[in-house]
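Okay, structure first, notes after.
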Amino acid sequence: MKKRILLIKSTIAVLFFCTCFSALGQNSSQKDTLSNYTFEELSEKFYTAKPDSLKAVLYAKYHINKARKEKDTLQIGSGYYFLSDITRDSTYYVNYWNQIIRATRSTNNTLYPTISYFKIGDFFFHKGEKEIALNNYLRALNSVIKTPNDSLKAFILTRIGMSKYRNKEYSDAIELYKKSLIYFNKEKYTRNETNEHISLLLNLSSTHKYLKQYDSAFFYNKKAYLTAIKFDRNDIIGYLTNSSGGIL
């Protein structure tokens, strides 16, 4: 009887060891596979995996580790955003950017800590916490004034304009949007900044539409449409066409 019990225990132990070894092998294999992906591809995999929170957390943590190895501050922040999103715990993301603020506050860096305030502002803006978002945007604006980063200043002015729009301060919103637009009118901005430009034009169009200033609304919607064509943004041309129809 004792021998049988020992045999059963031994069998269970072997099975347990094999299972663990197999799981470790799969996890290691998966990590090896993930190393072939870009940050954009990891982002897509994260959002595809969101229904399976354990898998999504794995992608978020791998994103963070990959970014740390490559010393990419912005991508580390993106990874923490994913982690906060899937765990519903904002401290991962907000604490990370607050650490960057503390580390760079006394420097003359043209990007930090300005972008840290900007990122925190965006985070709370999308959560609907308007006051916290606006306070961080204003800190970002105060910070960017000390540096020659015109593109980031334009993005911040757009966000403050969006906050004004949410507070139904439409004239102030339009004024801020137009200040932001100066950057895109005079600079050769990158393809990656196309989203910011089109978003700005759509915000101008929407605000004028709300005020029943339909000629202006149509003007800025058309500019957004032409910008989308210029940069082959077929993914949003349909939306802009629909928006134009709504104005008409």
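The values are calculated or read from the model by the stated rules, or taken from the named source; none is laboratory data. Owing to the predicted nature of the structure, the values given are computational and were not obtained by experimental measurement. Because the Cβ atoms are built from the backbone with ideal geometry, glycine has one as well, and the counts that use them run over all protein chains shown. All accessible areas refer to the heavy atoms of the entire protein, side chains included, with ligands and DNA or RNA removed. Shrake-Rupley method; radii C 1.70, N 1.55, O 1.52, S 1.80 Å.
Annotations
- The angle between the Cα long axis of helix 150-166 and the main principal axis of the chain comes to about 80°, on a 0 to 90 degree scale.
- Under the combined filter of DSSP loop state and at most 11 neighbouring Cβ atoms within 10 Å, region 38-141 retains these GluC sites (Glu not before Pro): Glu70.
- Value at 222 nm in deg cm²/dmol, rounded to 500, when DSSP H runs of n ≥ 4 in the chain each add -39,500 (n - 2.57): -27000 deg cm²/dmol
- The 3J(HN,Hα) values that the Karplus relation (6.51, -1.76, 1.60; θ = phi - 60°) gives for region 74-84 are, in residue order, 5, 6, 4, x, 4, x, 5, 5, 4, 5, 5 Hz. Gly and Pro appear as x.
- Calculated Rg/Rh (Cα atoms, Kirkwood Rh) (choose from (i) 1.14; (ii) 0.97; (iii) 1.68), label: (i)
- Around the Cα centre of the chain, unit charges on the Cβ atoms of Lys, Arg, Asp and Glu (plus for the first two, minus for the last two) sum to a dipole of about 760 debye.
- For region 99-224, size of Cβ-based charge dipole, Lys and Arg +1, Asp and Glu -1, in debye: 40 debye
- Net charge over other residues, Cβ less than 12 angstrom from the Cβ of Ser143 (K, R count +1; D, E count -1): +4
- Other residues whose C-beta falls under 12 angstrom from the C-beta of Ser116 contribute a net charge of +3, scoring Lys and Arg +1 and Asp and Glu -1.
- Computed with a 1.4 Å probe over protein heavy atoms only, the accessible surface of the chain comes to 61 Å² per residue.
- Shape analysis of region 143-248 based on the Cα gyration tensor places the equivalent ellipsoid semi-axes at 22, 19, 10 Å, largest first.
- Neighbour net charge for Ile76 - beta-carbon separation under 14 angstrom, K R +1, D E -1: +4
- Cα lying deepest toward the dipole's positive end in the chain, options Ser84, Leu111, Leu240, charges on Cβ: Ser84
- Region 67-83 and region 115-155: distance between their alpha carbon centers, rounded to Å: 19 Å
- Helix 194-210 axis, angle to the chain major axis (alpha carbon atoms, nearest 10°): 50 degrees
- DSSP loop trypsin sites (Lys or Arg not before Pro) with at most 11 other Cβ within 10 Å excluded, longest remaining stretch of the chain: 1-70
- For the chain, the longest principal axis of the alpha carbon atoms and the long axis of helix 114-126 meet at an angle near 80°.
- Note on the chain: GNM, Cα springs under 10 Å; of Ser205, Ser43, Ser53, the largest mean-square fluctuation is that of Ser53.
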